[in-house]
Amino acid sequence: MAGKREENPAGSSNNLRGDVLRVLGVLKVATVEQIQQIAAPHLSYRHTGKPTSSKRKQARTASHTGALSDLRKHGLAENGGQLPGGDRLRNLTPMGLKAAARELGRPVGEMGNPARGAGRTGALHPMVVNDAVLALLRPKPDLSQLAGEPADVRAAAQAAVDAPDGLGTIASYATEVALPATGTWSNLGKGGAQADIVITSPEDGVPLLFVEIDNCYESAQVLAAKIDKYMRFCQRKVKDVDGTERPMWRTRWWVPDGRHSDQPHPPLLLVFNRIGPRNPGTVIAQLAELTQRHWKGTAYDGFHMYDGKLPIIVTGMKQLKEHGPAGAVFRRFGRPQNQTLLEAIGNPRREAADARQQAEYAARQREHQEELRRIAAEHRAEREARRPVCAGCGTRFTDERWKAIEPAGWDAPRETHPHLCDDCKQRAITAARQAEHSEHVHQEHDQAVPEQKTGGTWISRFRS
């Protein structure tokens, strides 16, 4: 125990240090409270009896603060500056990123670069990115860890558990992901984009989603240029390891194949955080017009096809925090109403049309099968009407008996008693055999008795 204490002076466990590595490996830079909210959300409902909010925060984050201290001792984590409110930022060192890659099960080359120096400018953008991750992830508290808490605290935790789920786990997220339009994944060229967040949560219906955060400082023209870069990356094709040419993004992420002639690019979610001077409503309207060639689908029989298009969805940070991905707070360019995230990135009208088509096909199949059953029933009825009746007992022939009496060609042996069923036929055969046997016995008896001659010749011999 003493050896473990010397190795980790703050007394942190392997699980706690692993939690910190996973969260910082994704977020790159974060406060201790953000790490705690993601890694151990139940702690947000603990220590409610502390007299001040600062003491409550200190108590909630104490274990992760200790883990960070031990990671810093091993050269895996470091302090990354301070926020204007006083919260200290933490990030990983290059060696810490390698350790985080092992925890997340990712190649080191996909981890990005350390976020050193992010806190020197206040880390405004990274903090908003972290807020978006939390709003999309919506970590659920473990109620079993809150058994001793007051009833109102447990009720608040229960409400969080009962609320709609978020997307995936922290391992489903990556931040500051380069999307090269030229060069390679490891040696980037010019003209590419950098996604603030990439989400891969196919089990939740989101195989791949790019997320861009805007703090309302940039114009619609600047954002349109960014979307051009996203489109350039999505359209880029390279040779995969098997020599097959395919979209570059498919060499890194798995997404189910789309329908033939309707395979859109991975969707892009724009989250507007209204802290800058620009009105997001005005910017969104201009941006939709400027990027129409990228997202507009082709009308087709009540729905649209989006082959080779980039689905663009927008929402506000306030709405995202309040409602999460299950809320109808997402607007896809080209659609008149808000939808949930899954509806916005999908094609509900196409799905509905496919469902109708499938239902119509199933109905036709049922009608066809019913017609076949009706015809078969008529054939069976006609056949039953033709089925022979036994002349002896009046029962209908079995299929085997019927088949046995049917003509089978000139050389086939003739069936005996074709007018009788099997039982009557057997009785007739038995009776015939008995009659034949009786007749045979009678004949034998007749042959065994000698013929008597008339006259008394043999008697006269004794007289002479």
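Taken as a whole, segment 118-127 holds at least one residue that is assigned to a helix (DSSP H, G or I), open to solvent by 40 Å² or more (accessible area, probe 1.4 Å), in contact (Cβ under 8 Å) with a residue 24 or more places away in the chain and aliphatic (A, V, I, L, M).
The rows are residues; the columns are (1) more than 23 Å from GLY96 (Cα to Cα); (2) touching a Phe, Trp or Tyr at 6+ places or on another chain (Cβ under 9 Å).
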site: VAL108; (1), (2): no, no
site: GLY148; (1), (2): yes, no
site: ALA163; (1), (2): yes, no
site: ALA171; (1), (2): no, no
site: GLY183; (1), (2): yes, no
site: VAL198; (1), (2): no, yes
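Which of the helices (runs of 4 or more DSSP H) contained wholly in segment 1-72 include at least 3 residues that are charged (D, E, K, R) and within 24 Å of LEU83 (Cα to Cα)?
In segment 1-72, 14-27, 53-60 are the helices (runs of 4 or more DSSP H) which contain 3 or more residues that are charged (D, E, K, R) and within 24 Å of LEU83 (Cα to Cα).
Within segment 419-451, the set of residues being outside any helix (DSSP H, G or I) and at pLDDT 85 or above comprises HIS419, LEU420, CYS421. The criterion of at least 3 residues that are surrounded by fewer than 17 Cβ atoms within 10 Å (Cβ to Cβ) and free of Cβ contacts under 8 Å to residues at least 24 places away in the same chain is met by the following helices (runs of 4 or more DSSP H) wholly inside segment 299-392: 348-386. Report whether or not ILE375 is within 26 Å of THR291 (Cβ to Cβ) and among the hydrophobic types (A, V, I, L, M, F, W, C). No; evaluated as a whole, the condition is false for this residue. The set of residues from segment 25-64 being more than 29 Å from the chain's Cα centre (by Cα), more than 19 Å from ALA135 (Cβ to Cβ) and among the small types (Gly, Ala, Ser) comprises GLY49, SER53, SER54, ALA59, ALA62, SER63. Residues in segment 168-183 that are in a loop (DSSP other than H, G, I, E, B) and open to solvent by 70 Å² or more (accessible area, probe 1.4 Å): THR169 alone. Just name the residue that is most open to solvent (accessible area, probe 1.4 Å) out of those in segment 231-254 that are part of a helix (DSSP H, G or I) and polar (S, T, N, Q). Result: GLN235. Of the residues that sit in segment 255-290 and are outside any loop (DSSP other than H, G, I, E, B) and at pLDDT below 95, which one is farthest from ILE312 (Cα to Cα)? Top of the filtered list is ARG259. Residues that are surrounded by fewer than 20 Cβ atoms within 10 Å (Cβ to Cβ), of a type outside the set (Val, Ile, Thr) and at pLDDT below 90 occur in segment 141-152; there is at least one.
Against the test of being assigned to a loop (DSSP other than H, G, I, E, B) and among the acidic types (Asp, Glu), the options ASP152, ASP196, ASP228, ASP165 yield a single qualifying residue, ASP165. When every residue of segment 211-225 is checked against the conditions, none turns out to be part of a loop (DSSP other than H, G, I, E, B) and touching an Asp or Glu at 6+ places or on another chain (Cβ under 9 Å). Consider ALA225 carefully, then state whether it is closer than 29 Å to ARG250 by Cβ, of a type in the set (Gly, Ala, Ser), modelled with pLDDT of 95 or more and touching a strand residue (DSSP E or B) at 6+ places or on another chain (Cβ under 6 Å). In short, no. Against the list (1) open to solvent by 60 Å² or more (accessible area, probe 1.4 Å); (2) in a helix (DSSP H, G or I); (3) closer than 29 Å to ARG332 by Cα; (4) not small (Gly, Ala, Ser), the condition LEU136 fails is (1).
Confirm whether VAL20 is closer than 18 Å to LEU89 by Cα, touching a Phe, Trp or Tyr at 6+ places or on another chain (Cβ under 6 Å) and of a type in the set (Val, Ile, Thr). Taking the combined requirement at face value, the residue does not satisfy it. In this structure, does THR416 turn out to be at pLDDT 60 or above and surrounded by 11 or more Cβ atoms within 10 Å (Cβ to Cβ)? When the stated conditions are applied, THR416 passes them. Each residue in segment 259-284 was checked for being small (Gly, Ala, Ser) and touching a residue at least 12 places away in the same chain (Cβ under 8 Å), and 2 pass. Among the residues of segment 185-222, those identified as more than 30 Å from the chain's Cα centre (by Cα) and open to solvent by 60 Å² or more (accessible area, probe 1.4 Å) are SER186, ASN187, LEU188, LYS190, TYR217, GLN221, VAL222. Restricting to segment 196-219, name every residue that is in contact with a Ser or Thr (Cβ under 8 Å, 6 or more places away or on another chain), under 18 Å from LEU124 (Cα atoms) and not β-branched (Val, Ile, Thr). The answer is ASP196, and nothing else. Looking only at segment 265-287, residues that are open to solvent by 20 Å² or more (accessible area, probe 1.4 Å) and either of a type in the set (A, V, I, L, M, F, W, C) or in contact with a Cys (Cβ under 9 Å, 6 or more places away or on another chain) (or both) come to 10 in all.
The values are calculated or read from the model by the stated rules, or taken from the named source; none is laboratory data. As the structure is a computational prediction, the values presented were derived from the model and not from experiment. No Cβ is skipped: glycine too gets one built from the backbone with ideal geometry, and neighbour counts run over all protein chains shown. For accessibility, only protein heavy atoms count, side chains too; no ligands or nucleic acids. Shrake-Rupley method; radii C 1.70, N 1.55, O 1.52, S 1.80 Å.
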